[in-house]
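Structure first, commentary second.
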Amino acid sequence: MTLQKNVKEISEKKSMIEIAEVVLTDEKNEMAFKELFDQVATIKKLTDAQRNDLLSRFYTDLNLDGRFMALGSNVWGLKRWYPAKQTTEKSLAASRKREQEELEEAELEEELFDEELDLDEDGEVDDEEFGFYEEAGFEAVEEG
């Protein structure tokens, strides 16, 4: 059931949690809780007072319903999108942490490599430090 074609029918006949499943299925991507709740509340045409009353209930329902999975950082997806071995929040959090650590390690290695070469302001190797001019019989000329 696509969201765009059936908004009226969905809003009248389905619960908030069922609408959340339709929204995620239609988006085909994980979503932050706030964004998901806002879309569901808009479809249900909830007032601000109703939104405030139902916010915690919706969060509880997401946690209890087996179709949804918390991916960490308050991001939610449908459990069927993920392999069985990856369906625990701990394993997903560990996977995301590992990816972040690998990214940080690569950035650090790049910084260290740049420092080893002692790049100047223009990002070029400082020839004077390596003595290239002196070895070739030239005197270093300072730019100025």
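Please treat every number below as a calculation from the coordinates, not as lab data. These figures come from a predicted structure and were not determined experimentally. Glycine gets a Cβ as well: all are built from the backbone with ideal geometry, and neighbour counts include every protein chain shown.
Determine the relative contact order of segment 1-83: mean sequence separation of Cα pairs under 8 Å and six or more apart, normalised by residue count, in whole percent.
31 percent
Among the trypsin sites (Lys or Arg not before Pro) within segment 16-51, which fall in a DSSP loop and have no more than 11 other Cβ atoms within 10 Å of their own Cβ?
K28, K45
Using the Kirkwood radius built from alpha carbon pairs, what does the Stokes-Einstein equation give as D for segment 1-83 at 25 °C and 0.890 mPa s, in µm² per second?
191 µm²/s
Under a plain spin-label model, where a point goes 7 Å from the Cα along Cα-to-Cβ, how far apart in nm are E111 and Y82?
Here the modelled spin labels are 3.0 nm apart.
How many nm is it between the label spots at E27 and Q100, if each spot is 7 Å from the Cα in line with the beta carbon?
Computed distance between label sites E27 and Q100 equals 2.0 nm.
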